[in-house]
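The values are calculated or read from the model by the stated rules, or taken from the named source; none is laboratory data. Given the structure is predicted, the values throughout are model-derived calculations rather than measurements. When we count neighbours, we look across all protein chains shown, and the Cβ atoms used for this are built from the backbone with ideal geometry, even at glycine. For accessibility, only protein heavy atoms count, side chains too; no ligands or nucleic acids. Shrake-Rupley method; radii C 1.70, N 1.55, O 1.52, S 1.80 Å.
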Amino acid sequence: MAELHSEAENIENTAQCIIEAFKAMDVREGNVLPYQQLYPFLQERYPHYKDVQKEAEHHLTKEGFVNPAPDGLMLTQVGHQHVYGDKA
């Protein structure tokens, strides 16, 4: 992966990796992607995620793609449409 030079790019990249994790693990609307599955996925694809993870989650929450859950992130209807490109 190319070296990223700004915190905003790091946040965006981490957010994109989180979205990719939902698709790779076939998480659908209303279901939670547990952190115990998300963290290894992020570590493999973008090891610097820890620096901006909370900001990336906040960004995805503001966009309406996810909602925080006690043990992970829940995919919303808007997020499902973004990830899968279809109606839930």
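Do you know which residues across the stretch 22-73 are part of a strand (DSSP E or B), touching a strand residue (DSSP E or B) at 6+ places or on another chain (Cβ under 6 Å) and open to solvent by 50 Å² or more (accessible area, probe 1.4 Å)?
Going residue by residue through the stretch 22-73, those that are part of a strand (DSSP E or B) are 32-34, 66-69, 72-73.
Then keep just the ones that are touching a strand residue (DSSP E or B) at 6+ places or on another chain (Cβ under 6 Å); that gives 32-34, 66-67, 69, 72-73.
Hits for the stretch 22-73 are VAL32, ASN67.
Of all residue pairs spaced 6 or more apart or on separate chains, those with beta-carbon atoms under 8 Å, a first member in the stretch 13-31 that is of a type in the set (Asp, Glu) and a second member that is in a helix (DSSP H, G or I) and crowded, with 20+ Cβ neighbours inside 10 Å are GLU29/GLY79; GLU29/HIS80.
Just to be sure before I move on: is ASN31 under 24 Å from ASP86 (Cα atoms) and at pLDDT below 95 in the structure I sent?
Values: under 24 Å from ASP86 (Cα atoms): yes; at pLDDT below 95: no.
So ASN31 does not fit the description; no.
All conditions in (1) without any contact (Cβ under 8 Å) to a residue 24 or more places away in the chain; (2) within 10 Å of the chain's Cα centre (by Cα) hold for PRO68, with the sole exception of (2).
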